[in-house]
C-alpha cells in the first residue's frame, strides 16, 4: 500500500476524565452510566449524532427478543433501559417474546436523558481514530471531528466500538475470521401505508410463520426443536418464488432475501424489515462497508417491490426509512486473558471472576437456540481484559471468545451486561489505585450486586 508521512504536530486536548468510554451503543451506554454511578468522572464519545448504536442507528428494535418464560438474565441496566423506554413511550410489546421493541427514533432521546441523569459527559460527532499508549498503559485517544484533530485524556479506557477499533490500535492481538466465514450484514428498512389489519390477518390465517422457517435458503439455521414450532415474524417463501419466476432479480451474488419484521402499528407502519442479508463483507474495511450500504439499499427496494406484489396488506406500501447505517454482527474478537469457548456457552460455564450471566441463547453460525430451560453461563472478567496493554477494557460483541461463543455474547442484552461490568471494574480499579488487570474481583462483584446485576 502506498503511504505518505504525516507531519508531527502538537494536538490540543479536547477533554480529560477518569474514564473514557469509546462507542455509545448498548455496551457503551451501560459502561458510562455504571462508571459514573461509582463516582468516576466519565466521558462517552460517539462518532454519530446520537447514542444507542444498533438500536438507534441500524434500526434493530428488540434488545432482548430471546426472552421467554423461564429465561434467566443478569438484570441491571438492561431492565432499566427497557423500563425507561417504556415509561417515555419509546417502546411497545415485542411481537415474539417477553420483551420490548424499542422505537429507534424516540430512544435517542431516552439515551440522552439516561446519560445526562447519570452525570456522564457526552461527546457526539467525534470519532476516536487512534490510541494514546504511555509505557504500555492506555492514556487516551486521538479524535477527529468538526473541531479538528484533538485528544481526550483518561486514566482508564473502555472500548465499546463493537469492532475493537481502539484495542486494535493499541496493539491488542485479535482474531478475525476470513471474510467468507464472517456473519452476514443487513440493511434494515421500514414501510408505511400498509393495511396492517389485512397483513395481520394474512399472518395469522395463512402465513403462520415459526422459527422452523429460519431453516430455509436465506438464514439456513439449525433450529432447536424446543423452539421450532413457536411463532416468529419471518417471511422467505415469497422471495424464493419471486426469484424462481424472475419477478425478483438481483445483480448481487452476495445477497439473500428473507427475514423478520418487528412492530406493526395501527397507523400503517411495519418497522425493522430485516429482509436483505449480504455476505462476504468485512466491516473493518471501508470499501466493503461502502459496497454493503449501496448493495443493501438497492436490494431493499427490490424486496419492497416483492412484498407489494405478494403480501396482502402491502399493496400500497412505500418506504418510510432505511437504517442510518448497515447492521453488522462480527469482525474482530480481542485476545483477552481468557477466551470464552463454545463449551462455556453450551455447558453453563462457571468462573470465580464472573461479572455477568447470560442465558444459553445462540443465534448465528447456522444455529438458533432459545433460552427456554433456564440454563445460563457466566462471563469471566478476564474475557474483558485484553492482552498487550493495561488500563483498557473491552465490552460488547468484540470481547475475547471463540466465533461460536460470539454468536451468543454478541447480542445487545449481553453487550449491556459486559458494558456495565466494565464500567464498574474500571471505576473500582481507579478507586483502589490498581490497574484494570488487578481490579479486585470481590469488590467489583459487590458493586455489581449494588447496581442490581446478577453475576452468578
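A residue that is assigned to a loop (DSSP other than H, G, I, E, B), within 24 Å of residue 165 (Cα to Cα) and in contact (Cβ under 8 Å) with a residue 40 or more places away in the chain cannot be found anywhere in the stretch 92-100. A residue that is in contact (Cβ under 8 Å) with a residue 40 or more places away in the chain, in a loop (DSSP other than H, G, I, E, B), buried (at least 23 other Cβ atoms within 10 Å of the Cβ) and not assigned by TED's automatic domain parsing to the domain that holds residue 303 occurs somewhere in the stretch 341-364. Can you name the residue in the stretch 74-90 that is part of a loop (DSSP other than H, G, I, E, B) and in contact (Cβ under 8 Å) with a residue 60 or more places away in the chain and, of all such residues, is surrounded by the most Cβ atoms within 10 Å (Cβ to Cβ)? In this case the residue turns out to be 74. Candidates 445, 378, 420: the one that is outside the structural domain of residue 211 (by TED's automatic domain parsing), in a helix (DSSP H, G or I), touching a strand residue (DSSP E or B) at 6+ places or on another chain (Cβ under 8 Å) and surrounded by fewer than 24 Cβ atoms within 10 Å (Cβ to Cβ) is 445.
Annotation note: of 166, 153, 200, the sole residue that is under 30 Å from residue 431 (Cα atoms) and over 19 Å from the mean Cα position of the chain (by Cα) is 153.
Against the test of being within 30 Å of residue 433 (Cα to Cα), in contact with a strand residue (DSSP E or B) (Cβ under 6 Å, 6 or more places away or on another chain) and in the same structural domain as residue 388 (by TED's automatic domain parsing), the options 152, 133 yield a single qualifying residue, 152. Among residues belonging to the stretch 101-122 that are in contact (Cβ under 8 Å) with a residue 40 or more places away in the chain and over 24 Å from residue 60 (Cβ atoms), point out the one that is farthest from the chain's Cα centre (by Cα). Looking at residues that are in contact (Cβ under 8 Å) with a residue 40 or more places away in the chain and over 24 Å from residue 60 (Cβ atoms), I get 119. If residue 15 passes every condition in (1) out of contact with any helix residue (DSSP H, G or I) (no Cβ under 8 Å at 6 or more places or on another chain); (2) modelled with pLDDT of 95 or more; (3) closer than 18 Å to residue 129 by Cβ; (4) not in a strand (DSSP E or B) but one, which one does it miss? Every condition holds for residue 15 apart from (4).
Counting only residues that are at pLDDT 95 or above and closer than 25 Å to residue 322 by Cα, which one in the stretch 203-225 is surrounded by the fewest Cβ atoms within 10 Å (Cβ to Cβ)? Going through the qualifying residues, I end up with 209.
Every condition in (1) part of a helix (DSSP H, G or I); (2) in contact with a helix residue (DSSP H, G or I) (Cβ under 9 Å, 6 or more places away or on another chain); (3) touching a residue at least 40 places away in the same chain (Cβ under 8 Å) holds for residue 202 except the one numbered (2). Among the residues of the stretch 432-448, just one is out of contact with any helix residue (DSSP H, G or I) (no Cβ under 8 Å at 6 or more places or on another chain), under 16 Å from residue 393 (Cα atoms) and touching a residue at least 40 places away in the same chain (Cβ under 8 Å), namely 437. Hey, any hits in the stretch 381-389 for a residue that's in a strand (DSSP E or B) and touching a strand residue (DSSP E or B) at 6+ places or on another chain (Cβ under 9 Å)? Within the stretch 381-389, one or more residues are in a strand (DSSP E or B) and touching a strand residue (DSSP E or B) at 6+ places or on another chain (Cβ under 9 Å).
The rows are residues; the columns are (1) assigned to a helix (DSSP H, G or I); (2) at pLDDT 95 or above; (3) out of contact with any helix residue (DSSP H, G or I) (no Cβ under 7 Å at 6 or more places or on another chain).
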{"site": "107", "(1), (2), (3)": "yes, yes, no"}
{"site": "112", "(1), (2), (3)": "yes, yes, yes"}
{"site": "132", "(1), (2), (3)": "no, yes, yes"}
{"site": "139", "(1), (2), (3)": "no, yes, yes"}
{"site": "153", "(1), (2), (3)": "no, yes, yes"}
{"site": "158", "(1), (2), (3)": "no, yes, no"}
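Answer yes or no: is there a residue in the stretch 227-244 that is in contact with a helix residue (DSSP H, G or I) (Cβ under 8 Å, 6 or more places away or on another chain) and farther than 20 Å from residue 206 by Cβ. Yes, there is a match, as at least one residue in the stretch 227-244 is in contact with a helix residue (DSSP H, G or I) (Cβ under 8 Å, 6 or more places away or on another chain) and farther than 20 Å from residue 206 by Cβ.
Name the residues in the stretch 312-330 that are surrounded by fewer than 20 Cβ atoms within 10 Å (Cβ to Cβ) and over 19 Å from residue 184 (Cα atoms), would you? Correct list: 312, 315, 316, 318, 319, 320, 321.
The values are calculated or read from the model by the stated rules, or taken from the named source; none is laboratory data. This one's a predicted model, so the numbers in the text were calculated from it and none came from an experiment. Ideal geometry is used to build each Cβ from the backbone, glycine not excepted, and the neighbour counts take in all protein chains shown.
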